[in-house]
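Contents: one structure, followed by commentary.
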Amino acid sequence: MFNVDFSKHALIDLSMPIVPNQLNEGRPFEVKEGRLGDGTLKYDIVNTHTHVGTHIESPVHFYFKGKTCTDYPLDHFMGRAALVTTNIPESAASVTLEHVKPQLEPKRGQFEILYVRNDTPRRPLFIDLVCVRYFAEFNLKLFVFEHTINFGDTSLEAGRVFHDLLLSRDTLLVEFPYNGAALKKPDFFLFAVPLNIQGIDSSGCRLFAVVEK
């Protein structure tokens, strides 16, 4: 049906590794060993939630009603992606529209997913909310951003505005990506495949990119 030439392309895993029983407080993944009825091995997941590791947030997470991940077709979780870099000067207080617009405007109509990477030592890095309004104009399938980034500021109100600008347009949020520094090209094909679990607000996913070498 189709063929990816791996002599010309590389697969980059962008998913956060989860080590059972070793995650930070607030993001638990606790398991204990057990046995199935025939004596074979299983693990009981005794404590976790839907926002552990790399995960996709759907509208029901923010609005308490509406679509979950299983209400979207599979092709919503894959597509042409563009990288937003944030290597701003040390003197700049935040990432502004003047920084991101030149990266994306020449590619308008050529991508369906954005990956926003923190290229600074700042923890957190602030990106102006006006940038999010600009991102929302593209009617993206997915918006991927690293957990060291804050949009607007750290207030609850800024978080609400950020979520509403994107989720109201069916742009699903992919949080806690990992290994973004491995993306050496600004354009690639990205997959974020959720679990087929109905009725939950968010789903863990395997996030990976197909990138030209």
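Every number in this text was worked out from the coordinates using simple rules, so none of it is lab data. Computed from a prediction, not measured in an experiment: that's the story for all the values here. Every residue, glycine among them, receives a Cβ derived from its backbone with ideal geometry; neighbour counts consider all protein chains shown.
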Scanning the range 79-116 for residues that are in a loop (DSSP other than H, G, I, E, B) and under 20 Å from the mean Cα position of the chain (by Cα), the one farthest from Phe145 (Cα to Cα) turns out to be Gln110
Residues of the range 45-60 satisfying the condition of being of a type in the set (Ser, Thr, Tyr) and buried (at least 19 other Cβ atoms within 10 Å of the Cβ) = Thr54, Ser58
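For the range 39-51, state whether one or more residues are of a type in the set (A, V, I, L, M, F, W, C) and within 21 Å of Asp187 (Cα to Cα). Don't jump to the end; show me each part of the working.
Of the residues in the range 39-51, the ones of a type in the set (A, V, I, L, M, F, W, C) are 41, 45-46.
Filter once more, keeping what is within 21 Å of Asp187 (Cα to Cα): none.
There is no residue in the range 39-51 that is of a type in the set (A, V, I, L, M, F, W, C) and within 21 Å of Asp187 (Cα to Cα).
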Could you give me the residue pairs with C-beta distances under 6 Å whose first residue belongs to the range 134-160 and is under 30 Å from Phe189 (Cβ atoms), whose second residue is in a loop (DSSP other than H, G, I, E, B) and small (Gly, Ala, Ser) wherever it lies, and which are 6+ apart or on separate chains?
-> none
Strands (runs of 3 or more DSSP E) lying entirely in the range 126-213 (those with 3 or more residues that are touching a Ser or Thr at 6+ places or on another chain (Cβ under 8 Å)) | 172-175, 202-212
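To keep it simple, each residue is scored yes or no on (1) within 17 Å of Lys101 (Cα to Cα); (2) more than 16 Å from the chain's Cα centre (by Cα).
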position: Asp128; (1), (2): yes, yes
position: Val132; (1), (2): yes, no
position: Phe135; (1), (2): yes, no
position: Phe138; (1), (2): yes, yes
position: Asp153; (1), (2): no, yes
position: Phe162; (1), (2): no, no
position: Ser168; (1), (2): no, yes
position: Thr171; (1), (2): no, no
position: Val174; (1), (2): no, no
Check whether at least one residue in the range 36-50 is touching a residue at least 24 places away in the same chain (Cβ under 8 Å) and either part of a strand (DSSP E or B) or under 28 Å from Ala81 (Cα atoms) (or both), and report yes or no.
-> yes
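Please specify each residue of the range 95-120 satisfying the condition of being hydroxyl-bearing (Ser, Thr, Tyr) and touching a Gly at 6+ places or on another chain (Cβ under 9 Å). Can you show your working first?
First, pick out the residues of the range 95-120 that are hydroxyl-bearing (Ser, Thr, Tyr): 96, 115, 120.
Within the range 95-120, just Tyr115 meets the criteria.
Among the listed residues Lys101, Lys107, which satisfies the condition of being of a type in the set (Lys, Arg), farther than 30 Å from Gly199 by Cβ, in contact (Cβ under 8 Å) with a residue 60 or more places away in the chain and loosely packed, with under 14 Cβ neighbours inside 10 Å?
Details: Lys101 fails: in contact (Cβ under 8 Å) with a residue 60 or more places away in the chain.
Of the residues listed, the single one that is of a type in the set (Lys, Arg), farther than 30 Å from Gly199 by Cβ, in contact (Cβ under 8 Å) with a residue 60 or more places away in the chain and loosely packed, with under 14 Cβ neighbours inside 10 Å is Lys107.
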